[in-house]
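Colleague: Following this message is one structure expressed as structure tokens.
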Amino acid sequence: MAFELFTREAARTTREPRISVTKQGTLQLNAACVAQYFARTQYVQLLYDAAAGRIAVKPAKAKSGDTYKLSRTKQGGANVAASAFLKHYGIEHAATKSYPARWLDKPGAAVIVLK
């Protein structure tokens, strides 16, 4: 059996929109998620569906008391400081975990399923 070289860069990139819940309490949107759903967005709202175990990240038109700023990364992704949100709803984040994100017209947001 021949050896195959593992290329780290190839493994890190994905074209699938994903959102990670980090142990530091941030939501990390990968570059594909930002490009597809948040390209022109500066602020988002965070929603939680406790019954279904879902988090929704919804684009907001302007800054307000219930919005969070998207902090862009050099790699094209974005971060949302969400520790208060995660703590309020008791969402586990002892370890970083990544989830596929998909757009739902209702509520007009990128949604991840935690369960």
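Coordinate-derived values only; no laboratory data. Treat the numbers as computed from the prediction; the structure is a model and nothing was measured. All Cβ positions, glycine included, derive from the backbone under ideal geometry; neighbour counts span all protein chains shown.
Colleague: Rounded to the nearest 20 Debye, what is the dipole magnitude of the chain about its Cα centre when Lys and Arg each give +1 and Asp and Glu each give -1 at the C-beta?
Modeller: The calculation lands at about 280 debye.
Colleague: Here's another thing I want to ask about it. Which net charge results for the neighbourhood of A94, defined as the other residues with beta-carbon distances under 15 angstrom from its beta-carbon, given Lys and Arg at +1 and Asp and Glu at -1?
Modeller: Result for the neighbourhood of A94: +2.
Colleague: Report relative contact order for the chain in percent, whole number only (criteria: Cα-Cα under 8 Å, sequence separation at least 6).
Modeller: 32
Colleague: Right, something else. Treating only the Cβ of Lys, Arg, Asp and Glu as charged (+1, +1, -1, -1), what charge dipole size does segment 20-75 show about its Cα centre? Round to the nearest 20 debye.
Modeller: 240
Colleague: Let me ask something else. If we sort 21-33, 94-106 on the protection proxy, mean other Cβ atoms within 10 Å, highest first, what's the order?
Modeller: Highest mean packing first, the order is 21-33, 94-106.
Colleague: Taking K and R as +1 and D and E as -1, what net charge do the other residues with C-beta under 14 Å from the C-beta of V57 add up to?
Modeller: It works out to a net charge of +3.
Colleague: Given the options A95, P17, G65, identify the residue whose Cα lies farthest towards the positive end of the charge dipole of the chain (+1 on Cβ of Lys, Arg; -1 on Cβ of Asp, Glu).
Modeller: It is G65, whose Cα lies furthest towards the positive end.
Colleague: Let me ask something else about it. Under 12 Å between alpha carbons, and skipping anything fewer than 8 positions from K58 in its own chain: which aspartates and glutamates qualify?
Modeller: Straight-distance partners of K58: D66, D105.
Colleague: Hey, any idea what the orientation-averaged projected area of the convex hull of the chain's Cα atoms comes to, in nm²?
Modeller: 9.0
Colleague: Here's another thing I want to ask about it. Using helices alone, I'd like the mean residue ellipticity at 222 nm for the chain: each DSSP H run of four-plus residues gives -39500 (n - 2.57), total over residue count, nearest 500.
Modeller: -4000 deg cm²/dmol
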